[in-house]
Ligand SMILES: NC(=O)c1ccc[n+]([C@@H]2O[C@H](COP(=O)([O-])OP(=O)(O)OC[C@H]3O[C@@H](n4cnc5c(N)ncnc54)[C@H](OP(=O)(O)O)[C@@H]3O)[C@@H](O)[C@H]2O)c1
């Protein structure tokens, strides 16, 4: 399935739209807005018997724009916490579900803006977690033995997609992985088979709104037990180098597995913004490559 990208929306037109949509927006018609629902504007108008300098009076226009409430599965993880942080900064209500940790151990202002739940996705109280959710963003995935990888990358996400669908959540965003043009015997590992099963589930249960992001290596500052591992020190220059060298390395792309060396890493902030872009815009669905993730992030930034 191909990816559908939303047009970029400049702030002024967003504001105009927000005012135009001043009645309750109940359908998920694109685009929905990450902007405050109360807008104050200056307006000039003619009123008899009032002195001239009162011609510019601030009035309040209440625009009852639908707010987003997202559930991030794995919100304490490396990618999940970046998504929670980005969502909170855009005024989205965020609920996170993670297995052991529940809430991050470090303090940061955005941490207090998220509702943290601890629990295993296989036994989650979905009625409570998904109540009122407008999207689920899943970062569930990881490594281990074959069975563990099939379970966390595949089954855990399949359970989550089913729960979201059953509870009427209109959008599901899955953080998956690039296939690195690996030979098929390597793609048959539990990690990749799990990922692709989860992708199929998202795309079949959400054919017109499901989103699959396929990043390669993700860099940023990974926090582990109070320590910060600055993966960006290597990731960022490597991304720049590989993007700049793309024209020269393209002929090598046909060599199986060459993507392991040649696919550019992507920043965790770009993955987070691409996920938020997916939450906001109904016309953003399908499978997104590394390059499309970067483009989607740039659109939300602009
Ligand atoms: N990092 C990369 O370079 C990279 C590259 C490409 C794709 N990806 C994909 O991106 C996703 C996120 O990666 P990440 O590096 O952020 O992983 P991570 O740091 O290990 O985060 C995974 C999160 O999922 C939670 N989790 C795991 N099993 C769960 C379960 N059964 N129920 C509830 N929560 C559960 C974990 O919570 P607990 O800690 O409490 O278990 C944690 O919060 C993964 O799907 C990964 O395959 C990552």
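Where a number appears in this text, it was derived from the coordinates with a stated rule and is not lab data. It should be emphasised that the depicted structure is a prediction, and the values quoted were computed from it without experimental measurement. Every residue, glycine among them, receives a Cβ derived from its backbone with ideal geometry; neighbour counts consider all protein chains shown.
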Rel. contact order, % - alpha carbon contacts under 8 angstrom, at least six apart, segment 74-175: 25 percent
Here the relative contact order (percent) of segment 79-138, from C-alpha pairs under 8 Å and at least 6 apart, is 31 percent
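If R0 is 35 Å, what FRET efficiency do you get for residue 229 and residue 131 from their C-beta distance, rounded to 0.05?
Between residue 229 and residue 131 the formula returns 0.45.
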Multiply the residue separation of residue 200 and residue 89 by 0.36 nm, subtract the distance between their alpha-carbon atoms, and state the gained length in nm to one decimal. 36.9 nm
When only C-alpha pairs under 8 Å and at least 6 residues apart count, what is the relative contact order of segment 207-302, in percent? 42 percent
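Can you figure out the FRET efficiency of residue 122 with residue 247, using R₀ = 41 Å and their beta-carbon distance, to the nearest 0.05? Numbers along the way, then the final one.
Numbers: r = 46 Å, r/R0 = 1.13.
The formula returns an efficiency of 0.30 here.
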Enumerate the residues in segment 173-194 having an amide nitrogen under 17 Å from the point lying 7 Å beyond the Cα of residue 238 toward its Cβ. 177-182
So if each residue of separation counts as 0.36 nm, and I subtract the Cα-Cα distance between residue 298 and residue 167, what length gain in nm does that give? 44.0 nm
